[in-house]
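Below you'll find the structure, written out as structure tokens, and then a few comments.
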Protein chains: 2
Amino acid sequence: MQSFTEENYLKIIYHLSENNEEAVQTNAIAEKMQTKAASVTDMLRKLSEKELILYKKYQGARLTPIGRQTAINVIRKHRLWEVFLVEKLNFKWDEVHDIAEELEHINSPELVERLDEFLAFPKNDPHGDPIPDKNGKFDFVPFVKLTKLKKEESGLIMGVSEHSSAFLKHLEKLGLTLGKSLAISTINDFDGSIEIIVENKRISVTREIAKHILIRI
Amino acid sequence: MQSFTEENYLKIIYHLSENNEEAVQTNAIAEKMQTKAASVTDMLRKLSEKELILYKKYQGARLTPIGRQTAINVIRKHRLWEVFLVEKLNFKWDEVHDIAEELEHINSPELVERLDEFLAFPKNDPHGDPIPDKNGKFDFVPFVKLTKLKKEESGLIMGVSEHSSAFLKHLEKLGLTLGKSLAISTINDFDGSIEIIVENKRISVTREIAKHILIRI
DNA sequence: TTATTTTTTTAGATTTGTCTAAACATTTAG
DNA sequence: CTAAATGTTTAGACAAATCTAAAAAAATAA
């Protein structure tokens, strides 16, 4: 069994290699873990000894099949608990991330399966992220970042890639919630900010916001 | 905020002083924590520095008001999660203790209050133990151990003082579950074992079993 | 009340995850 | 292609929670 810390490292390595075949670098992990590169090096050696990652000095890290399975299981738990918090306990989508960060480390396979069943086997969490099934499989829904859309193009909001309360509250205030359809009106040359139409209202979002909004065309 | 370990020490000190005004001894804590007396001494010093317990060398430990409040809050969470596991996820009463030992350390006051509400403010957990309210108050239901009952006396099973799966499964097999009414038929002089009548059936329980069954007369 | 037993504490070591400072590799730029 | 900048690792230290072995205090018994 892994410690909470080890599980968090695996989860972060998983997320950092999700859209990317390359090995994950020490500094990238350090930033996400809010720790120092030296600490990461120590942990990478340890995870490597446990055969949860492949690691060569100066070459970065990759998950082994077992490491990946472990990471996906933590992610599965995180997302199921988020659904529980929103659907059953009436939390808002911007309130659940930190609590789920704790709950994801509860170690009881039976609990996870029963929770999944209790929630009627949800396919996505409150932020639109897919929930892996008990075998670690999840159906990949194709998406693009809002920043990739061109003038006149339109699509549906189907996810976000940033889960902080501040960001999600901001989206909510703008009316940019899951399932809403939007169309690009204009893209501002000057600062890259994007004018969009949502429910017949025209709003403006900065590039920084837009890059965390995931669209299905 | 306290570590899981500190919370477990506080909880154990609370339970050990529940039926007893005396200070709790090092060895008693060591046994419950499955650790060595030397480790307990170190932790008692630490908890004392944090003013969660009163501790003098060789004199044992007592909870301070803050220490007691902390312990009760952990117990509140443990018991609420047990209700959740049994009522919502259909676990059996003998399956929930270990999972609740993990869940009790999740730190989110908001989560606890919403869980309490979701469960409709239960007064007792699946083993009959009272659930403290958010102010740490719980109504004490008077009980006696089954071993205290005399020939011909009768009462209702309203709790157990041992939560291991093995013990609870055994009770279940004997039909000795919460709410059942029973009467003492005879008490065996030889080994102290007790013959009882439950639902018109006569069964025999050892003293060791009987002392963990709590009765309301 | 002295001696023995039990309980508790101290001293010193270990493991986990972290840190800083310095050394070492790799990449990038001139 | 060397030099500077960036990224990574090593060395040595620390705090938390634990351990063993030995010393000290308290309780019990003769």
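Could you check, for segment A:119-126, whether at least one of its residues is among the aliphatic types (A, V, I, L, M) and farther than 21 Å from B:Val96 by Cα? Steps first, please.
In the first step, residues of segment A:119-126 are kept if they are among the aliphatic types (A, V, I, L, M); the result is A:119-120.
Still in the list and also farther than 21 Å from B:Val96 by Cα: A:120.
Yes: segment A:119-126 contains one or more residues that are among the aliphatic types (A, V, I, L, M) and farther than 21 Å from B:Val96 by Cα.
Using the structure shown, decide if A:Lys123 is more than 16 Å from DNA strand D (Cβ to nearest atom), out of contact with any His (no Cβ under 6 Å at 6 or more places or on another chain), under 22 Å from B:Leu89 (Cβ atoms) and more than 12 Å from chain B (Cβ to nearest Cβ).
The answer is yes for A:Lys123.
Only one of these conditions is not met by B:Lys32: (1) within 8 Å of DNA strand D (Cβ to nearest atom); (2) closer than 29 Å to A:Glu102 by Cβ. Which number is it?
(1)
Within segment B:98-114, restricting attention to residues that are within 7 Å of chain A (Cβ to nearest Cβ) and not acidic (Asp, Glu), which residue is surrounded by the most Cβ atoms within 10 Å (Cβ to Cβ)?
Only one residue tops the list, namely B:Leu103.
Cβ-Cβ distance below 9 Å, separation of 6 or more or different chains: which pairs start in segment B:32-47 with a residue that is closer than 15 Å to B:Ser3 by Cα and end on one that is within 6 Å of DNA strand D (Cβ to nearest atom) and of a type outside the set (S, T, N, Q)?
Every condition considered, the pairs that remain are B:Met33/B:Met43; B:Met43/B:Glu6; B:Lys46/B:Glu6; B:Leu47/B:Glu6.
Looking only at residues in segment B:102-117 that are free of Cβ contacts under 8 Å to residues at least 24 places away in the same chain and touching a helix residue (DSSP H, G or I) at 6+ places or on another chain (Cβ under 7 Å), which one is nearest to B:Lys169 (Cα to Cα)?
Result: B:Leu111.
Quickly run through segment A:58-97 and pick out the residues that are facing another protein chain (nearest Cβ under 8 Å), of a type in the set (D, E, K, R) and surrounded by fewer than 19 Cβ atoms within 10 Å (Cβ to Cβ).
Correct list: A:Lys88 only.
Rule-based calculations on the coordinates, nothing more; no lab input. Quick caveat: nothing in here was measured; it's all calculated off a predicted structure. Cβ coordinates were reconstructed from backbone atoms using ideal geometry, including for glycine residues, and neighbour counts include every protein chain displayed.
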